[in-house]
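A short write-up of the structure that comes next.
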Amino acid sequence: MNNLEKFAQLKRAARAYYSNEPSELTDEQYDNLLEELKNDPEIGSNVVAFEQQYLGASGKICHNMPMLSLQKANTIDAVEAYLKKIFDFTDTVFCEPKYDGVALDIAIEEDGYHLSTRGDGNTGEDVTALVKAVVIKNLPNSNLIGYHIRGELLMAKRDFNLANEVLKAQGKEPFTHPRNAVAGIIKAVSDGNKGYNFCDLTFCPYGCLKDGKYVDFPSDLHALYGEALATRFGALNWGAKHSVDEVIDTIWLFDGKRDVFAVPVDGIVIKPAYGIFDSCLEHFPNTLHHPTFQLAYKYADEQGTVKVEDIEWSMGKTGVLTPVIVFDKAVSLGGCNVQRCTGHNYHFLVENEVRIGANIKVKRANQVIPKLCSVIEDDDWKNCAELIAPKVCPFCGAKTVVDDVNVKCVNSDCIEMKSERLAYGYSRNGLNIHGVTAALVKVMLDKGLIKDLIDIYRCNLDELEGAQVGKIKFGKKSVESLKNAVNASRSADLAHLLSALCIDGFGLGSCKKLMNAGALLDDILDGNIGAIDIAKLGFSDDRAAEISKELNGYVGALREAKKLRIGKSVIQQPAKLVVITGAADGFATRSDFEAWLDQTEQFKLAGSVTKKTYCLIGSKDSSKMRKAKQLGIKIYNTVAEFRKKEYLI
């Protein structure tokens, strides 16, 4: 699998996660793949842009200190190795629960709360709207002006069950897991959805900053924090630990009790006292991803045994049929009842010898995604027939084709495939028409309102009033919202228009590269963009020829798009040159600062001040400073000041 295919897999997993659906990647696999692709010289910038874009459409907030993930450990040996290193530096560490939620920074300012997600660690999504959209328990006092309280936003198990009861009563799909619920609510609120006011979330703090430094919790937060631990985690001793054995004992003790607690917790965080954090940073510098002086131990996933009752198949936008393993009964894993898991692809089922009627072991990977662990090759398994790929599409009845990996429907008139393709074409990575789902697309196809991508701009959307979309009735207000979203999408650039065509493997990142290389819509219409140009984007000659052929097949749709003034080319501007003198505050090394700067795609670090320099960062007198002043170049005293005033995404 090349990196473009891996990027496509990463995007599928992200969309599945935020859509409350099974993913083909575990959290750990997703994180590892994300870091791998970020460092790819060809597609790294597109990966970073996707990561930042996919959290939502709100504004951005620059963190006053990097908000990094924790380094993870899955074995006691890794914990012991970490403790040996830390106990050489300090004689005391603290154990705390690792909350299973979404990391949040709450800045308390004169005008109230400002909430932001972790984002890329330096810049997070502004989700302040959550304060009014849902109930958030355990918010710190608003009089703590100047403090940043960091913690996890999560949904307590009782609140999770209550929310699902409301969703079922509304005829909607229930949440699959508390963490997915929180992530989905954040994304929905960021997109302007106010329909989650019945959901109660809980904020569990784990860190406190003031003036850009780690500090201990204020006295009133001590009470909140201490009470939270006492009421949620019983009589466990969460105090100071002075030896490896004390820490390991706490890990084992907590593992036996965590399932009965009120909030989802999936591990233990081990860290030194706040008072020595700054000293720790000097001895154990942060990486781009995590601080090295803290550790999160994650418990092994709980497993269960079930029988395979059936294999169902779901349709993808390119016609690939994805298998779903259905169990004979619901199995409780980590507090949630699970009755199905993804089968990934046909090759995966064959390779693992999955058979209907066989007993299998399943788990919820990282406490979230139901996943097949193994097939039990007992007498039941021996008496089961080997799995045979469906010879016809379960949705349209057309013959399927089977390759080394997938079963695929090749009927271009398959309604299920059409609806998936069009839903993707109208999604954020396509024309970005807010509110258009696969269910709505099916209704529009059934009513004859649309047949292809561009029809949505020409059809009479008023005919949708009164339509039943899934279990929801489409009202007048919904029709007006859809009209506004369709009109707003006319500003889609060429990259998003081409991505909306759903050419397999030719996603938004590749389309942006083509646009940034100077391609215009007229170039495609006139046949001036061929396989040679597409091969320059990193595709093999054979695949480039296939993409070029598919692209030419959409010339009619693209001509219609041109008439509607959709698909303008927006060339990415050259990066602005930034020079720094002195240390890069907020970053362990200058290399880390340079890597972050490159990720913005707007700025680039330069070594010397010239007439082309955009700005200088630094406050001490130096030759660079004197030359910058001589040339009249903009000067920022600190990286924090530069980020606040210039880093706009």
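The values are calculated or read from the model by the stated rules, or taken from the named source; none is laboratory data. Just so it is clear, the model here is predicted, and its values are computed rather than measured. Neighbour counts run over all protein chains shown; Cβ positions are idealised from the backbone, glycine included. The accessibility values were calculated without ligands, DNA or RNA, using every heavy atom of the protein model including side chains. Shrake-Rupley method; radii C 1.70, N 1.55, O 1.52, S 1.80 Å.
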Label of the coordinate-derived value, Rg and Dmax of the Cα atoms in Å, listed as [x] 29.6, 87; [y] 26.5, 85; [z] 30.4, 100: [y]
Karplus-derived HN-Hα couplings along region 617-623 (A = 6.51, B = -1.76, C = 1.60, θ = phi - 60°), whole Hz, x at Gly and Pro: 10, x, 10, 8, 5, 7, 5
Roughly how big is region 279-391's charge dipole about its Cα centre, with Cβ charges of +1 (Lys, Arg) and -1 (Asp, Glu), in debye to the nearest 20? 340 debye
The farthest towards the positive end of the charge dipole of region 449-551, of the residues L520, G505, V469, given +1 on Cβ of Lys and Arg and -1 on Cβ of Asp and Glu, is V469
Listed peptides 293-301, 620-628, 206-214 by packing density, highest first (mean Cβ within 10 Å): 293-301, 206-214, 620-628
Quick one: if you stick a label point 7 Å off each Cα along the C-beta vector at D40 and K451, how many nm between them? 3.8 nm
Identify all lysines with a Cα-Cα distance to K271 below 20 Å; exclude those on the same chain that are fewer than 8 residues away in sequence. K72, K84, K85, K98, K210, K213, K241, K298
Rounded, prolate or oblate: pick one for region 319-402, where a ≥ b ≥ c are the square roots of the eigenvalues of its C-alpha gyration tensor, a/c under 1.5 means rounded, and failing that, prolate if a/b is larger than b/c, else oblate. oblate
Under the Karplus relation with 6.51, -1.76 and 1.60 and θ = phi - 60°, whole-Hz ³J(HN,Hα) for region 624-633, x at Gly and Pro, equal 5, 5, 5, 5, 4, 5, 5, 8, x, 7
I need the calculated FRET efficiency for the pair I145 and E302, taking r as the beta carbon distance and R₀ as 60 Å, to the nearest 0.05. 0.85
Estimate the FRET efficiency between H114 and I251 by the formula 1/(1 + (r/R0)^6), using the beta-carbon distance for r and 30 Å for R0, to the nearest 0.05. 0.30
T123, T128, reordered so the largest accessible area comes first (probe 1.4 Å): T128, T123
Pull up the cross-link candidates among the lysines for K568, meaning alpha carbon to alpha carbon under 20 Å and not fewer than 8 places away within one chain. K512, K513
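Using a Förster distance of 60 Å, how high is the FRET efficiency between E351 and Q630, based on the Cβ-Cβ distance and rounded to 0.05?
The value I calculate is 0.35.
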Rank-order 274-284, 192-202 by packing density, defined as the average count of other C-beta atoms within 10 Å over each peptide's residues, highest first. 192-202, 274-284
Fraction of accessible area attributable to carbon and sulfur, the chain (%, probe 1.4 Å): 49 percent
Loop-resident sites, region 439-482, for GluC sites (Glu not before Pro), counting at most 14 other Cβ within 10 Å (DSSP): E465
What's the long-distance tail for region 528-649, i.e. % of Cα pairs beyond 27 Å? 45 percent
Apply the a/c threshold of 1.5 to the C-alpha gyration tensor of region 109-151 and tell me whether it is rounded, prolate or oblate. oblate
Where the centroid of each part is defined by its Cα atoms, how far is region 295-318 from region 430-454 in Å? 30 Å
Karplus 3J(HN,Hα) series, Hz, for region 440-447 with 6.51 cos²θ - 1.76 cosθ + 1.60 (x for Gly, Pro): 5, 4, 4, 4, 5, 5, 4, 7
Accessible area expressed per residue, region 66-156, with surrounding protein chains retained (probe 1.4 Å, Å²): 37 Å²
Please give the solvent-accessible surface of K536 in Å², to the nearest 10, using a probe radius of 1.4 Å with every protein chain present. 150 Å²
Accessible area per residue for region 439-527 in Å², computed with a 1.4 Å probe and the full protein assembly in place, what is it? 44 Å²
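Rounded to the nearest 20 debye, what is the charge dipole size of the chain about its Cα centre when +1 sits on each Lys and Arg Cβ and -1 on each Asp and Glu Cβ? Please list the in-between numbers first.
On the way: 79 positive and 86 negative charges, 466 e Å.
So the magnitude is around 2240 debye.
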Which of L68, L104 is most accessible, then next, and so on - probe 1.4 Å: L68, L104
Amide H neighbours of K576 at under 5 Å, excluding residues fewer than 5 places away on the same chain, with H built from the backbone geometry, are F603, K604
Where a ≥ b ≥ c are the square roots of the eigenvalues of the C-alpha gyration tensor, would you call region 292-438 rounded, which needs a/c under 1.5, or, failing that, prolate if a/b is larger than b/c, or oblate? oblate
Rounded to the nearest 10 Å², the 1.4 Å probe accessible area of S619 is 90 Å²
